[in-house]
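What follows is a single structure, written as structure tokens, with notes after it.
Read-outs throughout are calculated quantities, based only on the coordinates presented, and are distinct from any laboratory measurement. As the structure is a prediction and not an experimental result, all values here were calculated from the model. Cβ placement follows ideal geometry from the backbone for every residue including glycine, while neighbour counts extend to all protein chains displayed.
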Amino acid sequence: MKDITIVFVNYLMKDDIINAVDSLIKDIADCPYAVQITVTDNSQNKDNIKESLTEKFPQVKYIDCGGNIGFGAGNQVGFIDTPARYYFAINRDTIIPENSRTIERLVRFMDEHPKIGCIGPKLLNMDGTLQDTCYRFDFRALLIKPLKQINFDKKYAWVKKYADYLLMKDFDHNETRPVDWVLGAAMIVRQEVVNDIGWFDPRYFMYLEDCDWCRRMWEYHWPVYYVHDIVILHRHERQSAKVPGIFKALIKNKTARIHMASWFKYLWKWRGKYKYYAE
């Protein structure tokens with residue numbers, strides 16, 4: 001069994017994956033832990049990522065998912081393929097800072113805190129500014145989350161009010177602390193958690209599978225933590241916000257429709273359960 005299995009899910013984003021893997025390979029050059037890096041491919045090698053990985057990083061495992069099965073399911077394919085003490089879902093548009101020993105520090109943190117089920121590191125934009133990566137289970141804020149995704153928080157004060165509460169804007173992010181949920185762009189989960197609650201809920205194709213997973217962790221008494229002093233860079237692009245206006249977004253933007261569908265599924269699944277865990 002590996003100490004940690006790290007999975008990138010690809011969908012026609014070969015260049016991003018290659019850059020992310022390159023930074024990760026450099027980070028684990030002297031890592032004392034057994035690390036497996038896996039790329040699961042939802043695009044059936046249409047961008048020839050398999051050949052690029054074989055040429056540049058032969059130690060990286062490539063798995064063809066047979067089609068676009070979604071973010072959570074794509075991660076699960078890689079995790080199940082290589083059992084480990086910890087599972088790290090990380091987005092393809094991330095970069096591990098040089099000389100940071102990030103993976104080693106993540107594993108050590110989990111080893112030193114055996115009662116914590118999941119952690120999310122601090123994510124920074126490429127210009128060094130803070131990225132919103134930890135959230136609250138706030139029913140009112142979740143109701144307006146789709147409006148946040150299409151930038152309505154920049155147009156309407158009432159949307160911004162609830163969005164800021166959802167995104168924990170009242171927290172300076174310079175402290176390691178329990179939070180309700182962390183962004184799936186970089187989240188580490190221990191094997192015992194998977195034994196208790198399973199993987200991402202397959203009903204979510206993309207979006208809110210991270211929120212749902214963290215909520216199930218709290219239900220089974222596995223705390224979720226934000227770790228402020230382990231940093232990863234993330235070229236975050238909110239695809240469902242590219243088209244202005246909610247109706248235009250739903251009509252013209254497939255990603256926005258997927259986000260809305262996940263939002264409805266989440267609210268229906270957790271209807272009547274508006275508990276807060278990390279206040």
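Structure notes:
- In this structure, the residue pairs whose Cα-Cα separation is over 30 Å, taken from 14/115; 50/269; 122/160, are 14/115; 50/269.
- Amide H within-cut-off set for residue 225, under 5 Å, with H built and near neighbours excluded: 118, 119, 120, 179
- The ellipsoid equivalent to the alpha-carbon distribution of the stretch 153-206 has semi-axes of 29, 17, 8 angstrom, derived from the gyration tensor eigenvalues as √(5λ) and listed largest first.
- Eligible aspartates and glutamates near residue 265 by straight Cα distance, threshold 19 Å, same-chain separation 8 or greater: 138, 180, 201, 209, 210, 212, 219
- For the stretch 9-21, putting each phi into the Karplus relation 6.51 cos²θ - 1.76 cosθ + 1.60 with θ = phi - 60° gives couplings of 9, 9, 9, 6, 10, 4, 4, 4, 4, 4, 5, 5, 5 Hz, in residue order, rounded to whole numbers and with x for Gly and Pro.
- Sequence ranges 45-56, 200-211, 161-172, 218-229, ranked by mean other-Cβ count within 10 angstrom, highest first: 200-211, 218-229, 161-172, 45-56
- Start at zero, step by 10 Å, and the Cα-Cα distances of the stretch 4-81 spread as 20, 55, 22, 2 percent across the bins.
- Placing +1 on the Cβ of every Lys and Arg and -1 on the Cβ of every Asp and Glu, with no other charges, gives the stretch 1-127 a dipole of roughly 340 debye about its Cα centre.
- Which of 57, 79 has the fewest Cβ neighbours within 10 Å, and the rest in rising order: 57, 79
- The stretch 23-137: C-alpha gyration tensor shape, a/c 1.5 cut-off, then a/b vs b/c: rounded
- Gap separating the Cα centres of the stretch 1-20 and the stretch 95-136, nearest whole Å: 16
- Put simply, when 86-94, 184-192 are sorted by average Cβ atoms within 10 angstrom per residue, most first, you get 86-94, 184-192.
- Global form of the stretch 39-90, assessed from the alpha-carbon gyration tensor, a/c cut-off 1.5: oblate
- Karplus-derived 3J(HN,Hα), 6.51/-1.76/1.60, for each residue of the stretch 198-213, Hz, glycine and proline x: x, 8, 3, 5, x, 6, 8, 6, 6, 5, 6, 5, 5, 4, 4, 4
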